[in-house]
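Take a look at the structure set out below.
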Amino acid sequence: MEPLMNTRHHRPADRRGFALAVALFALVVIGALIAGVFFASTQEYRVGRNTLTQQRAFSMAEYGLNQTMNGWNSNRYRALATAGIDSASSYTVDGATAKVKVTRLNSMAFWVMSEGSVGSGAMNEAKRRTSAVVRLEIPNMNFLGALTLRGNARIGGSSQISGTNYNPSTWTDCPPVSGGMPGLVVDSLNHVNYTGNDYSISGSPTGVVADPRARDTTTYFNYGDTDWNELVSSATLRLPAGSNFSQVEPDSIVQVVNGVTTKRCNTSLADNWGQVTRTGSSVTAAGICETYFPIIYVAGDLGLSGGTGQGVLLVEGDLTVQGGFSFYGPVIVRGTLRTSGTGGHFYGGVMAANVQLDASVVLGDAEVRYSSCTITQALMGSATPAFIKQRSWAELY
C-alpha cells in the first residue's frame, strides 16, 4: 500500500494595503516635486523681479546724474560755498524717482550724487546710488591786452584803454588786484591811426604793443580745449542779426511757494544780461541775478545804446556801441568794433577779429579796462561741467 501524500495547501502572503502605501508615497513625492518646482519658479520670479527693480533703480540713478550734467544750473551751484550742498533737484519717470545732491568741493570741482528709487515696501522697493566728480571746463581765452585788434584801428576822442588790472567797486568777491597787460595790442604799430590828443592808452609794460599773434585768427577763435563754434553752441541767449536794443536791469519771476512769495532770476528774458551792480546777496531780491553770467551770441551785427550786462558776448558781425552801455566780461567780435558818442564801457577784455579787415574805430568816451576778475567770473558762470579724466564715476551701493 502506498503511503498517503501530504495534501496541505500553501496560501499566498497577505499583501492587502500595499498599493495604497505606494500611491500615498507617490503622491508625497509628486507633491514634493511640485512644491520644489513651485518654490524654484517663485524664487526665480522673485530674483528676476528684484533684478529688474534693482536695474530700474540703477537706471534712474544714472538718469538723474545725466540730467543734472546736461541741465547744469551754473547760476545755482556757483552760489554754493565750499562743502555746501544743493539737494533741490529731483526727477520722476514712470513712478521711479531720482534725487540728486550737488556738493561743491572747491571753486572748480563738484561731487554729484544721484539716488534712484523704485517701488515701495520691503519686497518691492529698490534703491541705488551713483556718483561722479566733475570739473568746470573754462575756455582759455588768450587776451593779449585789454583791447586786441586785427587789422587797422582808429583811436581818438576821449577814449580810455587801460591794461591795468581792475576790480569793479561793488564786486566784493574779487581777489586782490595784481598784474596787468598792455592796453592795446595790434599786429603792427603802423596799423593804428590816432585822432586828437584826448585819448589815453596805458598798461603794463606799455600802453600799445605790436604782437604777431594779433593777426592770427586762432587767437580769436581757439580757446584751449574749446573753440568759437563750441561756445556758440552752448550760448544761453541767441539774438538775430541786426539786433539793436538798449538792455535794462533784469526783471524777475515772482513765485508763491507754500504761501511765501519769492523772486527768482528770470533767465528766459532776452534783455536779461545779468545784474552788474552788486546790491545784495544772490538769494535776495536785490541781487537775484548777480550770479547769472549768460553766453550771449548775436548771429550778425549788433547795436547797443545803453544799459548793462555781464557774461560772455559773442558777435558774429560788427559791434556798434552808442550811449553809455557797460559790459563786464569777455567780448569777442568777428567783425569790426565801433564806438561813438558816449561810447561803450567794457570791463574785462575785448577782441575784434576784423575778418574783413575793416578799420576798428574807438572814439567818443569809450572805455576798455582789463579785469581778470570779471573775465574769470564770467567764464566760470557760463562754464559747463565735465567728468574728470580718471575715476570720476562710482557706484555707492
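Data table
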item	result
Between helix 372-381 and the chain: long-axis angle, C-alpha atoms, 0 to 90°, nearest 10	30 degrees
Cα radius of gyration and Dmax for the chain (Å)	36.6, 173
Gaussian network model of the chain, springs between alpha carbon atoms under 10 Å - residue of ARG278, ARG49, ARG264 with greatest fluctuation	ARG49
Segments 60-72, 199-211, 33-45 sorted - mean Cβ within 10 Å per residue, highest first	60-72, 199-211, 33-45
Helix-only CD estimate at 222 nm, as mean residue ellipticity for the chain, using -39500 (n - 2.57) per DSSP H run (n ≥ 4)	-6500 deg cm²/dmol
Selected from GLN55, GLN160, GLN377 as most flexible by GNM, with the chain as the system and alpha-carbon contacts under 10 Å	GLN55
Acute angle (nearest 10 degrees) that the helix 18-70 long axis makes with the longest principal axis of the chain, alpha-carbon atoms	0 degrees
Least to most buried among TRP111, TRP273 (fewest other Cβ within 10 Å first)	TRP111, TRP273
Of the GluC sites (Glu not before Pro) in region 66-155, those whose Cβ has at most 14 other Cβ within 10 Å and which sit in DSSP loop	GLU125
For region 147-384: Kirkwood Rh in Å [reciprocal of mean 1/r, alpha carbons]	18.1 Å
Cα-centred dipole magnitude for the chain, charges only on beta-carbon of K, R (+1) and D, E (-1), debye, nearest 20	1880 debye
Alpha-carbon centroids, region 216-238 and region 37-108: separation in whole Å	33 Å
Antiparallel %, DSSP beta bridges [both residues in region 150-259], to 5	25 percent
Dipole magnitude of region 20-137, debye to nearest 20 (Cβ charges: Lys/Arg +1, Asp/Glu -1, about Cα centre)	360 debye
Debye-sum result for region 20-137 in log10 I(q)/I(0), which assumes one identical scatterer on each alpha carbon, at q = 0.09 Å⁻¹	-0.41
Antiparallel DSSP beta bridges within the chain, percent to nearest 5	40 percent
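Any read-out appearing in this document is the output of simple, stated calculations on the displayed coordinates, not a laboratory observation. Given the structure is predicted, the values throughout are model-derived calculations rather than measurements. When we count neighbours, we look across all protein chains shown, and the Cβ atoms used for this are built from the backbone with ideal geometry, even at glycine.
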